[in-house]
Amino acid sequence: MRLSPLLARGLLLAACLLPTGAQAQWATLDWTIAETLLAIDAPIEGVAQIPAYHDWVGEPRIPDSVVDLGLRQQPNFELMAQAPPEGFLISPMFEGLTSKLSRLAPVTSFALYTQGEETWPEILRFTRELGEKTHREAQAAALIDETEALMARLAEQAPATAPLLMVQFMDARHVRVFGANSLYNAVLERLGIDNAWQEDTNAWGFALTGIEALARFPDATLLIVDPIPAGVEDQLARSGLWQRLPAIEENRVIRLAPVWSFGALPSAQRFARELMQALNDAPSSIDS
């Protein structure tokens, strides 16, 4: 007898959620929570949009044994109902789903990137709270200590560099520029590197702007964080506005592999390592 795809996924989820001693089995729709659970070795059994997580977050990789719960904003409730987890761990972004999720299992929300809060202390608090909830207090403390030690070590090794203008492409004409309250900026502060963007940002630490705004920072090094949407590089190659930017003309461009811009300590570590490696290598450029 052949199993339907839905039934097969349900059986896989049920198998993953079988009790193992007294361990609680957690599920999350939030990638920042997911990366932190993996980093503190908490038992994570379901994550939403796993392929997209790997595109945008990169690392830590989600094990093959973890079940994909569907879209982050529209998870597969029928699948989850076949074998509910011990609890759902979410962020305020997904609180609109609390009522439906709580019919399956208890829901706990963890805030991060709160307007008016300092980013780094809030990330540390977020990490400790996740450790307490999942009974991984020692692992959470170790992750914090490991991250602080890494930042201190990399700060000592940081080469002299022009201020960085950190962007992520939305399309060929618009970028997110990261400044105050962003993860990227918090890392720069710990590495002793200046951020060229000192203008207003939203609660997530970025401003959405046209690429023409980048011309206001002629002395900055342009830092582009992947992924770049399909087709955008070809359009930029034909864009006179882009090609005339001082950073492009003078080949002052760094391009990094995907690092989750709304992440926590695992993303902070990855961003710091990737950035330091790029700064110590010859600068790369987008095809001109």
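Structural remarks
- If the condition is being touching a residue at least 24 places away in the same chain (Cβ under 8 Å) and either aliphatic (A, V, I, L, M) or part of a loop (DSSP other than H, G, I, E, B) (or both), then region 77-91 contributes Leu79, Met80, Ala83, Pro84, Pro85, Glu86, Leu89, Ile90, Ser91.
- Residue within region 123-140 that is under 29 Å from Ala180 (Cβ atoms), outside any helix (DSSP H, G or I) and either touching a Phe, Trp or Tyr at 6+ places or on another chain (Cβ under 7 Å) or at pLDDT 95 or above (or both) present: no
- Output for region 244-259, where each listed residue is over 23 Å from Asn280 (Cβ atoms) and surrounded by 14 or more Cβ atoms within 10 Å (Cβ to Cβ): Leu245
- Boolean, Pro266 is closer than 30 Å to Ser91 by Cβ and at pLDDT below 95: no
- Per the conditions (1) of a type in the set (A, V, I, L, M); (2) assigned to a loop (DSSP other than H, G, I, E, B); (3) open to solvent by less than 50 Å² (accessible area, probe 1.4 Å); (4) closer than 25 Å to Gln277 by Cβ, the sole criterion not satisfied by Ala155 is (2).
- Considering each residue of region 13-35 in turn, none proves to be at pLDDT below 95, under 17 Å from the mean Cα position of the chain (by Cα) and on the phi > 0 side of the Ramachandran plot.
- Condition check for Ser239: farther than 26 Å from Pro121 by Cα, touching a residue at least 24 places away in the same chain (Cβ under 8 Å) and among the hydroxyl-bearing types (Ser, Thr, Tyr): yes
- Scanning region 222-276 for residues that are of a type in the set (S, T, N, Q) and within 20 Å of the chain's Cα centre (by Cα) gives Ser261, Ser267, Gln269.
The values are calculated or read from the model by the stated rules, or taken from the named source; none is laboratory data. As the structure is a computational prediction, the values presented were derived from the model and not from experiment. We place every Cβ from the backbone using ideal geometry, glycine too, and count neighbours over all the protein chains shown. Note: areas computed on protein heavy atoms with side chains; ligands, DNA, RNA excluded. Shrake-Rupley method; radii C 1.70, N 1.55, O 1.52, S 1.80 Å.
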